[in-house]
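K.L.:
I have a structure here, written as structure tokens, and I will follow up with some questions on it.
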Amino acid sequence: MVSTTKTPSPRVPTPGRAPREPGNTGSSALPAPVPGLASALVWGTGQLINRQPGKAAFFFAFYATAITWEMVTGNYYAGMEFTARANGGFFVRGLWGLVTLGDTPREMSLTGLSEGDNSIVLLANGIIALLTLCLLAIVAIWSVRDAARCRTRLGAGEAPERSADYFRRIWEGAFAYIALSPGLVLIVFMSVLPITFGVLVAFTDYNRDNLPPMNLVNWVGLDTFAQIFTVPSWTGTFLGVLAWTFVWAILATATTYCAGFLLAVLLASKKVRFPRVWRTIFLLPWAVPGIVSALVFRAMFNGQFGPISQFLVDIGLTDERVYWFTDPTNPNLARAVALLVNLWLGFPFFMALVGGVLTNIPDSYYEAARIDGAGTLQQLRYVTVPIVQRTCTPLLVLAFVAAFNNFGLVYFLTEGGPDNVDYRFAGSTDLLVTWLFKLTLDNRLYNIGAVMSIIVFFIVGTISVWNLRRSRAIREL
Amino acid sequence: MVSTIQRETPANIVERERRKGRVSSVFIHLCLLVVAVIVVFPLLWVVGASFGPGGGLANTTPIPEDASFDNYVFLFTETGYGRWYLNSLYIATFNMVGGVALSALCGYVFARIRFRGRKFGMLAILVLQMFPSFLTAIAVYMLFLNFGLLDSLTGVALVGIAAALPYNTWLMKGYTDNLPASLDEAAALDGAGRITIFRKIMLPLMRPMLAFVAVMQFTMPWMDFILPRLLLQSRSKQTVALGLFDMITDQYANDFTTFAAGAVFLAVPITVIFVIMQRYLVAGAMAGAEKG
């Protein structure tokens, strides 16, 4: 095996030192930092000095695996000139790739295309190497602290704990970590890794003009952010789309909530016959998959063939067909229709919610209000509304965030249309998220898409944190 | 309806009140009827189109004159719908089983065990949950693209599980918090291990929340568009949502009746699940809001 050549060889004597020194076990004069230091150099040696071979083997196994892995994946031949690109293993080459993003572009030579660096693969590998190193660092810290702590105990005259006992004790205490580990691994590789990757792409020039493996991607710092905020066409599109996204989210939340509230109050009235039948009918838009409803509405509002345009022409209300979502001269029509469709889709959720709250309001409240001479409207205003409001406020914020990110409705219904000549790659009904999707998938402007992701995350994150703190405060009251 | 305090008023006033009550009752039912028509019409229209004569969007009616199953036959014989349906079913099942198992276990651990790093873990979950899942999807796409991992149904399901895991864990944790701790303490005194306590005592108690998460995890992949659109490329790996979208975006809407049949076939099972489970679902959504 190659691994005997380079890094570990000078350290091999270290474990050998162990039997020599602690001939004196219990009241050793050896200060605690010594085994700690030993474990910091080669994990496990500190435990060996403390005469805990089982533990030593456990920690050393991690160490050896990491080193072996690096050796096997790299090219560590003695005497060869070492470069991270050519000789580095998983960790060294990974970190090198993360820092440089590659330095050798693919070139045309006499023998055909040469093997260049693929910056994005390097970047991703680098993140994986970094994450793995972070996980290993936890083991290293554990090993060092354990070695130092055991030594302190030995110094205090306690009998050393046997490794088997230690692991049995740890097993009891580590149930939490073991149970969490499958979820943790999944989240690290399917969420944390992509998120880190996505954030880092915002600081590169990875886009359609600069695609690996033909070109190298470079770190450009904040240039992409600067581009969005200084190039007028980008700034214009961004501000326009952002403003519409906010208007959309506010109106969408307000309309669905009000409609849901009104219907819930109507249904709660004792005059209604068969309330359960009505309720089930009204819940249908919520139960039908959103993509189906949105696509059905898209067909209904189809300008050329859709039945609604046809109907309006038939009854003579309009002379010609209305192009609901494709008329660039009338962006507000498309926006209004999108909001109406969203109302259709969104009110049942709030209706069900408010309905649930209403059944929990005791009748005595209304009785008392009536005795005080309150009419129906006043009862609604002073009893129903405040109680419902208190329960629903956190949900309203969540609904706002959901509307802010409502990719499905806008994309399925209008695909962002009608076209807007002032915008870059965006239409009049595009929300930030649909614009982001178009930037990434249709236009391959990955770096700008990544910047957008970060901005959306900050907006959504701020609102969510604010909501959380507020609702916490409410719960503590 | 005449309330108790008006009982002692003269008869003519009672009569007027009653008439007023009847008028407002008619008015309420009228309102409800209008809303019901608005709600039902688009659904009826697409169901009608699915049974109507084949062809474009232009000649569709809510109640077709010569109803037939032609569109459904066409859907399953001439398009890849059956294939897509199985693909979606596979992703949905995988997503449900994995999502429920992982989130239940993680939620239980966070709720019941005090361990080092717990606070940090909860915080990390909160932050991750705020990160909109499609942003992750786009990054996953860039990664998978460069590593040649695209076109895997299992990959889509795994990304889906991971994306929903923080929120589901949060829900499960919140629910477990409210379960009496005396039960598992008693079991622990009787010598039951952690895993036994979790399986035999906690899981049955967590059933309502398990049901909520299961329904959400199962139905979500049927409607999810971004993730499969990004990660699945070949024709045989499409999901129902992708297939339907492609049918409707056809410029001349020639496929509309086929789309309608596909939409109905997708919507009916999910609608039934939602209507049956509505009480659980609303309660679950409220629990999620209370907890953050």
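K.L.:
Let's test this: bin the Cα-Cα distances of the protein assembly as shown at 10 Å from zero up to the farthest pair and state each bin's percent.
P.N.:
So the P(r) values, bin by bin, are 2, 11, 18, 21, 19, 13, 8, 4, 2, 1, 0, 0.
K.L.:
Separate question: Would you give the gap between the C-alpha center of region B:190-224 and the C-alpha center of region B:73-107, rounded to a whole Å?
P.N.:
One Cα centre to the other: 19 Å.
K.L.:
Further question on the same structure: Roughly speaking, what is the stretch gain from A:Leu130 to A:Val199, that is 0.36 nm per residue apart minus the C-alpha to C-alpha distance, in nm to one decimal?
P.N.:
23.3 nm
K.L.:
Can you list the aspartates and glutamates whose alpha carbon is less than 14 Å from that of A:Lys438, not counting same-chain residues fewer than 8 positions off?
P.N.:
In chain and number order, the partners are A:Glu415, A:Asp419, A:Asp430.
K.L.:
Using label points projected 7 Å from each Cα along Cα→Cβ, tell me how many nm separate A:Tyr77 and A:Glu367, to one decimal.
P.N.:
With each label point 7 Å from Cα toward Cβ, the separation is 9.4 nm.
K.L.:
Pop the C-beta distance of B:Leu86 and B:Ile13 into the FRET formula with R0 = 60 Å and round what comes out to the nearest 0.05.
P.N.:
With a Förster radius of 60 Å, E is 0.30.
K.L.:
Straight-line reach from B:Lys200: which aspartates and glutamates fall under 16 Å, measuring Cα to Cα and dropping same-chain residues less than 8 apart?
P.N.:
Filter leaves B:Asp184, B:Glu185, B:Asp190.
K.L.:
Roughly how many nanometres apart are two label points built 7 Å out from the Cα toward the Cβ at B:Val34 and A:Ala336?
P.N.:
1.7 nm
K.L.:
Per residue of A:192-200, how many C-beta atoms from partner chains lie within 10 Å of its own C-beta, taken as a mean?
P.N.:
That works out to 6 on average.
K.L.:
Also: Restricting to DSSP H runs of at least four residues, report the calculated mean residue ellipticity at 222 nm for the protein assembly as shown, -39500 (n - 2.57) per run over all residues, nearest 500 deg cm²/dmol.
P.N.:
Here the helix-only value at 222 nm equals -22500 deg cm²/dmol.
K.L.:
Determine the relative contact order of region A:49-108: mean sequence separation of Cα pairs under 8 Å and six or more apart, normalised by residue count, in whole percent.
P.N.:
23 percent
K.L.:
Among the aspartates and glutamates, select those whose C-alpha is under 12 Å from the C-alpha of B:Lys237, and discard any that sit fewer than 8 residues away in the same chain.
P.N.:
Filter leaves B:Asp151.
K.L.:
In region A:124-141, which residues have a backbone nitrogen under 18 Å from the label point lying 7 Å from A:Ala84's Cα in the Cα-to-Cβ direction?
P.N.:
The answer is A:124-134.
K.L.:
Between region A:167-188 and region A:263-298, what's the alpha-carbon centroid distance in Å?
P.N.:
One Cα centre to the other: 45 Å.
K.L.:
Still on this structure, please answer the following. Apply 1/(1 + (r/R0)^6) to the Cβ-Cβ distance of A:Leu312 and B:Thr249, taking R0 = 22 Å, and write down the FRET efficiency to the nearest 0.05.
P.N.:
After rounding to 0.05, the efficiency reads 0.40.
K.L.:
Along the three principal axes, how long is region B:80-291 when you take its alpha carbons, biggest first, rounded to the nearest angstrom?
P.N.:
Computed over region B:80-291, the largest-to-smallest principal extents equal 68, 41, 29 Å.
K.L.:
In square nanometres, what is the average projected area of the Cα convex hull of region A:197-343?
P.N.:
It is 14.8 nm².
Rule-based calculations on the coordinates, nothing more; no lab input. Because the structure is a prediction, the values reported are computed rather than measured. Using ideal geometry, Cβ is built from the backbone for each residue, glycine included, and neighbour counts are taken over all protein chains shown.
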